[in-house]
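Just below is one structure, and these are the notes that go with it.
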Amino acid sequence: MNIILLGPPGAGKGTQAGRLVEKRDMIQLSTGDMLRAAKTSGTEMGKKVAEVMDRGELVTDEIVIGLIREQLEGDKKGGFIFDGFPRTLAQADALADLLAECGETLDAVIEMQVDDEVLVHRIVNRAKEAVANGGAARADDNAESLKVRLMAYYKQTAPLIGYYHAKGNLTSIDGLASMDEVEASVADVLG
Ligand code: ADP
């Protein structure tokens, strides 16, 4: 089973993906994590995307599609969870092609609905917690980048809600509920 978790920054996609990995042996494909890893390891691509990411803008479709393509070639286990990808209509079309090429299907798209005020609180808290635990906050977890990230979501990613609704595989769930309740809603969708 291959699924997409769709929702704005801070919606809880990563948390739910982590639970699916544990419970269903699925593979989490987070383009955000892959890009941060490239940034940290200092690859050419990492250097190229660093500033764009820190500002909160989207990196090019070409780069993220390339990252996903590489991952689809490996072991498929219990299926893929696409987390933070696709984020544009071009990425959504590319994903459909990539899945078709490897004989896979897209089984569900789960939209996690949350309101902006909660997102801002969650992200500010995530940054504070990281610092309190002796780590560093993500370079893009600040008020200014967050505004840009939210705008990128509404302008470039939210159109995917209509796109997947038209394709017939969209289910929207309440992302404001507790993590366990959200997990139960996800399980209901996946059956
Ligand atoms: P968020 O918490 O904002 O959902 P992510 O960890 O998914 O964050 O992504 C962090 C940043 O990485 C994004 O703001 C963007 O710059 C870049 N990024 C991640 N996934 C994509 C994608 N599919 N297309 C373009 N840029 C992406």
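Worth pointing out:
- Database remark: amide H of Ile27 closer than 5 angstrom to the amide H of Gly78, Gly79, Phe80, Ile81 (H placed geometrically; neighbours at sequence offset of 5 or more, or on other chains; Pro and chain starts carry no H).
- Our summary of shape: the Cα atoms of region 27-154 have principal axis extents of 44, 35, 26 Å, ordered from largest down, in whole angstrom.
- Taking only protein heavy atoms and a 1.4 Å probe, the accessible area of region 33-191 is 52% carbon and sulfur.
- Furthest towards positive pole of dipole, Tyr163, Val59, Met26, structure part the chain, Cβ charges: Val59
- Asp33 paired with Ala143, simple spin-label distance in nm, labels 7 Å along Cα-to-beta-carbon: 3.1
- On the beta carbon distance between Thr40 and Met151, with R0 = 25 Å, the FRET formula returns roughly 0.45.
- Reach of Lys48 by Cα under 28 Å, taken over lysines that are not fewer than 8 positions away in the same chain: Lys13, Lys39, Lys128, Lys147, Lys155
- Heavy atoms of the protein chains alone define the surface here; on that basis region 1-89 has 46 Å² accessible area per residue at 1.4 Å probe size.
- ³J(HN,Hα), Karplus 6.51/-1.76/1.60, whole Hz, each residue of region 66-73, x for Gly, Pro: x, 4, 5, 3, 4, 6, 6, 7
- Net lengthening on full extension, Asp75/Ala184 (0.36 nm per residue, minus Cα-Cα): 36.6 nm
- The GluC sites (Glu not before Pro) of region 69-157 that meet both conditions, a loop assignment by DSSP and at most 11 other Cβ atoms within 10 Å of the site Cβ, are Glu73.
- Region 105-191, accessible area per residue, ligands and nucleic acids excluded (1.4 Å, Å²): 58
- What you get for the chain, charging only the Cβ of Lys and Arg (+1) and of Asp and Glu (-1), is a dipole of about 380 debye around the Cα centre.
- Note on Arg55 and Val21: the model spin-label points, each 7 Å out from Cα along the C-beta direction, lie 3.0 nm apart.
The values are calculated or read from the model by the stated rules, or taken from the named source; none is laboratory data. Given the structure is predicted, the values throughout are model-derived calculations rather than measurements. Glycine also receives a Cβ, built like all others from the backbone with ideal geometry; neighbour counts cover every protein chain displayed. Heads up: the accessible areas ignore ligands, DNA and RNA and are worked out on the full protein's heavy atoms, side chains in. Shrake-Rupley method; radii C 1.70, N 1.55, O 1.52, S 1.80 Å.
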